[in-house]
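The values are calculated or read from the model by the stated rules, or taken from the named source; none is laboratory data. On a predicted model such as this, the values are computed, not experimentally measured, just so you know. Every residue, glycine among them, receives a Cβ derived from its backbone with ideal geometry; neighbour counts consider all protein chains shown. Ligands, DNA and RNA are stripped out before the accessible areas are found, and what is left, the full protein with its side chains, is counted by its heavy atoms. Shrake-Rupley method; radii C 1.70, N 1.55, O 1.52, S 1.80 Å.
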Amino acid sequence: MDYLILFISILFFVQILIPFVQKSLLWRRRQSLIRTLEQKRKSRVITLIHRQETLSLLGIPITRYIDIEDSEQVLNAIRMTPPHKAIDIILHTPGGLVLAAEQIAFALKLHEGKIRVIVPHYAMSGGTMIALASDKIIMSRAAALGSLDPVLGSPGIGYYPAASIVHALSVPNRNREDTTLILGDIAKKGLDQIYKSVFKLLSKHFDEKKASSLAFTLTQGRWTHDHPLFFEQVKDLGLPVTDNVPNEIYELMQLYSQPTRMRGGVEFIPSPYVAPAQKPKEKKE
């Protein structure tokens, strides 16, 4: 009986330790690949990757987004980078707090070295604002940026695009509540503030007329907030974009935790396929 209790106790502690050991090994693999990227690209590599993580043991999914803690860490990484050294920031995010995104974007804008933003899959909302601070956006042709119009509201009344709120206020209605009018006032201020911030970021690479036009397009509700701007559309807007994403970036993305699921929705053999060599055509005499 004592041996059985001892065995169960050891098994229990092993089950507790395994996630921590796995996390440590995963962290070491990330650091090794980041170091390889830095040496290859002669830059400081910073990751801002938000996926649905799971808490150890409990398995509870947590939705991540750009927050103040992220901005503190990214700003610290920028401060630790020599002034003229290039920075590669890898973005994979649905967006987040405007304050945090603006802090990161303007800190990158002030850095003297080259800034390259790499988007392997998507960088929406606040992620797009950070991308605008770069000298070059490197994204795959299937990757997406997004609109920068602010979204306002609360859990009680719901969340709505600021541009839609302003549009709704332009429709005559004598029975509007004070809260609606207040929300409309905040929406107008929000649109003006985000336009000015984006204009300042774009002024680094564009003349005043182009920066103003592009800032207006991105911030004033031309698209829905979750509308994807794919590579070709980003290129058509005139942003400095290329599609040569290094293979190491995709390898790095695989090292970030995914939520534990009973059955995966996507399966494939994880090896590249090489097209068979074609036989030379015989010449007719």
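Pairs to check: K42/K200; K40/K196; K209/K235; K189/K235. Give those whose C-alpha atoms are more than 26 Å from each other in this structure.
Violating the 26 Å Cα-Cα cut-off are K42/K200; K40/K196; K189/K235.
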For a quick check: with amide H placed at 1.01 Å from N, whose amide H comes under 5 Å from I90's, ignoring anything fewer than 5 positions away on the same chain?
I46, T47, L48, I118
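Starting from the residue with the highest accessible area, list S71, S213 in decreasing order, probe 1.4 Å. Please report the intermediate quantities before stating the final value.
Details: S71 0, S213 70 Å².
Reading off the accessible areas and sorting them downward yields S213, S71.
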Label-point separation (nm) for N244 and R174, each offset 7 Å from Cα along Cα-to-Cβ?
6.7 nm
Does region 99-140 come out rounded, prolate or oblate by the C-alpha gyration tensor, with a ≥ b ≥ c the root eigenvalues, rounded set by a/c under 1.5 and, if not, prolate when a/b is larger than b/c and oblate if not?
oblate
Based on the mean of other Cβ atoms within 10 Å per residue, sort peptides 167-177, 97-107 so the most packed one is first.
97-107, 167-177
With each label point set 7 Å from Cα along the Cα-Cβ vector, what nm distance links E38 and L11?
4.4 nm
Residue-ordered couplings for region 212-218, obtained by feeding phi - 60° into the Karplus form 6.51 cos²θ - 1.76 cosθ + 1.60 and rounding to whole Hz (Gly and Pro as x), are 5, 5, 5, 4, 5, 4, 7
Derived scalar couplings ³J(HN,Hα) [region 65-77; Karplus, 6.51 cos²θ - 1.76 cosθ + 1.60; whole Hz; x for Gly, Pro]:
7, 5, 10, 5, 4, 4, 5, 4, 5, 5, 4, 5, 5
So with the 1.4 Å probe, I'd like the accessible area per residue for region 77-186, rounded to whole Å².
47 Å²
Using modelled amide H (1.01 Å from N, peptide plane; none on Pro or chain starts), what sits under 5 Å from the amide H of D149, excluding residues fewer than 5 places away?
G221
Taking amide H atoms as placed 1.01 Å from N in the peptide plane, list the residues 5 or more away in sequence, or in a different chain, whose amide H sits under 5 Å from that of I66.
G95, G96, L97
Given points 7 Å out from each Cα along the Cα-Cβ axis, report the L181 to R79 separation in nanometres with one decimal.
4.5 nm
Each residue of region 227-244 in turn: what ³J(HN,Hα) in whole Hz from Karplus with 6.51, -1.76, 1.60 and θ = phi - 60°, glycine and Pro shown as x?
5, x, 9, 7, 3, 4, 5, 4, 5, 5, 5, x, 6, x, 10, 9, 10, 8
